Amino acid sequence: MGEIAKETIKVLEQYSSDEKVDILHWATNLTFETIGRIGFGYNFHLLDDRNAEVHPFIDAMSYCLKTSMQRFTQASFMKRLPLERNRRFDRSVKLMHMMRISVIKL
């Protein structure tokens with residue numbers, strides 16, 4: 001945990017005192033790094049640099065969380081239509097599933 005805290009401080013020090021910092025973004029990064037490393041020995045590399053790319057797993061999870069309530073209230077046939085939002089949802093679920101398999105080796 002100490003190493004993760006040091007990395008977080010280091011990346012936040014890259015901001016100047018007059019720059020706005022998206023705390024929700026960094027809290028999410030810190031949470032995923034902590035769970036990934038301590039729980040599963042997996043490094044998301046979210047604390048490598050302030051401009052680090054959003055990890056595909058987090059992007060997929062965020063998309064699924066945003067759209068799941070909408071999908072819950074839709075008629076079932078809407079989820080099977082060949083729409084990009086359905087394809088993206090399915091790709092996101094598949095990516096999260098594959099990531100879980102690769103990280104949590106049973």
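The values are calculated or read from the model by the stated rules, or taken from the named source; none is laboratory data. Predicted, not measured: the structure shown is a model, and the values here were computed from it. In this analysis, Cβ positions are derived from the backbone assuming ideal geometry, glycine residues included, and neighbour counts consider all displayed protein chains. Only protein heavy atoms, including side chains, enter the accessible area calculation; ligands, DNA and RNA are left aside. Shrake-Rupley method; radii C 1.70, N 1.55, O 1.52, S 1.80 Å.
In the chain, how many lysine pairs have Cα atoms under 21 Å apart, counting only pairs 8 or more places apart or on different chains? Walk me through the numbers on the way to the answer.
Details: K6/K20; K10/K20; K66/K79; K66/K94; K79/K94; K94/K105.
Lysine pairs meeting the criterion: 6.
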- Rounded to the nearest 10 degrees, the helix 56-73 long axis (Cα) sits at an angle to the longest Cα principal axis of the chain of 40
- Note on the structure: In whole angstrom, largest first, the equivalent ellipsoid semi-axes that the Cα gyration tensor gives for the chain are 31, 18, 10
- Estimated 222 nm signal from helices in the chain, with DSSP H stretches of n ≥ 4 weighted -39500 (n - 2.57), rounded to 500: -19000 deg cm²/dmol
- Message: Using protein chains only and a probe of 1.4 angstrom, how many square angstrom of M78 are accessible, to the nearest 10?
- Response: 50
- Go through region 25-39 residue by residue and turn each phi into a ³J(HN,Hα) via Karplus (6.51, -1.76, 1.60, θ = phi - 60°); whole Hz please, and just put x for glycine and proline. 4, 6, 5, 5, 4, 4, 4, 5, 4, 5, 5, x, 6, 6, x
- Which GluC sites (Glu not before Pro) does region 1-100 hold that lie in a coil by DSSP with at most 15 other beta carbons within 10 Å? E13, E19, E53
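Give me the dipole magnitude in Debye, nearest 20, for the chain about the Cα centre, with unit charges on the beta carbon: positive for Lys and Arg, negative for Asp and Glu. Provide the component values of the computation, followed by the final result.
Working: 16 positive and 13 negative charges, 190 e Å.
Computed charge dipole of the chain: roughly 920 debye.
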